[in-house]
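Working notes, beginning with the structure itself.
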Amino acid sequence: MKDTTQHTDNSIATGQTVDPDEVAFFAKIADTWWDPKGPFKPLHQLNPTRLTYIRQQCEAHFSLDPQGLQPLKGLTVLDIGCGGGLISEPMCRLGATVTGVDASEKNVKTALAHAHQTDLDITYVNTTSEALAEAGEKFDIIINMEVIEHVADVQAYLTSCKKLLKPEGIMLVSTISRTAKSMLFAKIGAEYIMRWLPVGAHDWNKFITPDELQHYLSDAGFLSSRATGFCYNMLKGKWRLDETDTAVNYAVSVTIP
């Protein structure tokens, strides 16, 4: 396992799309990434549904065997905003060569330590998408889960992602729509009532509707699929994929035309 953590005095990698306040907020709770009952409990609950969506999209795009134990073997994956590695580790187990990057050095250190504990060969880097693009890096698959609503410049960020994706590759993007329902459930409910997330985890004004995301992606030179919703059943306490409800969490698959 390669430790490519870039050490900085303030634990925040700089870049034009990085919002220092957002990075600092999540750096404060970086040690709790792998606590299923901690601040990242909602992501642990959502993760199986996110992974189902990612795997389905990748299998369809690359014509992979859905029954294979390591269907992503031979493919390179970039997990942007990897946090503690909640997506990077499953992608590695599916056979991919994984690079996880995060603007917070504390997140990268947490991810690296957990990968050591689970004996997974994942490269983690404290850097930004712009820096990787400038270095000429290219990947078959880019994972962009719950990142775009935290960046300072959405268009510049997606433009850098375009440079990182191989011509025949695929990028998976998930985010939260800016609706009355998301204000109720993703902001007020999740942070103030249910206490699923720390207060201040999200800024509702930075949420992006599916139509807005389509425009951003098109302007960056991407071709996007129709949005698929990630919907939570409060009675069952489970997430599911929903083709019709994108009022809160949703995802799209993106390619280069």
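The values are calculated or read from the model by the stated rules, or taken from the named source; none is laboratory data. All values reported here derive from a predicted model rather than from experimental measurement. Note that each Cβ is placed from the backbone with ideal geometry, even for glycine, and that neighbours are counted across all protein chains shown. The accessibility values were calculated without ligands, DNA or RNA, using every heavy atom of the protein model including side chains. Shrake-Rupley method; radii C 1.70, N 1.55, O 1.52, S 1.80 Å.
How far apart, in nm, are the 7 Å Cα→Cβ label points at residue 211 and residue 31?
4.6 nm
Under the rule of -39500 (n - 2.57) per DSSP H run of 4 or more residues, summed and divided by the residues of the chain, what mean residue ellipticity at 222 nm is obtained, to the nearest 500 deg cm²/dmol?
Working: 7 runs with 76 residues, N = 257.
My calculation for the chain gives -9000 deg cm²/dmol from helical runs alone.
When you count, for each residue, the other Cβ atoms within 10 Å and take the mean per peptide, how do 155-167, 219-231, 86-98 rank with the highest first? Each step should come with its number before you reach the end.
Values: 155-167: 19.1, 219-231: 17.5, 86-98: 22.3.
Ranking, from highest mean packing down: 86-98, 155-167, 219-231.
For residue 152, what residues show an amide H to amide H distance below 5 Å, using hydrogens built from the backbone and excluding near sequence neighbours?
Amide H to amide H, under 5 Å and 5 or more residues apart or across chains, residue 152 pairs with 18, 19.
Under a GNM of the chain (C-alpha, springs under 10 Å), which listed residue has the highest mean-square fluctuation: 119, 203, 242?
119
Is there a pair in 106/138; 109/166; 163/236 whose C-alpha atoms are over 30 Å apart, and which pairs would that be? Write down the numbers at each step before the final one.
On the way: 106/138 25 Å; 109/166 28 Å; 163/236 41 Å.
Flagged as over cut-off: 163/236.
I'd like the Karplus ³J(HN,Hα) series for segment 146-162: coefficients 6.51, -1.76, 1.60, θ = phi - 60°, whole numbers in Hz, and an x wherever there's a Gly or Pro.
6, 10, 4, 6, 10, 7, 7, 9, 4, 5, 5, 4, 5, 5, 5, 5, 4
Can you give me the Kirkwood hydrodynamic radius for the chain, using every pair of distinct Cα atoms, in Å to one decimal? Intermediate results must be reported in sequence, preceding the final value.
Numbers: mean 1/r = 0.0548 Å⁻¹.
With all distinct Cα pairs of the chain included, I get 18.2 Å.
Tell me the per residue accessible area of the chain using a 1.4 Å probe; a whole number in Å² is fine. Each step should come with its number before you reach the end.
Details: 11820 Å² over 257 residues.
Per residue, the chain has 46 Å² of solvent-accessible surface.
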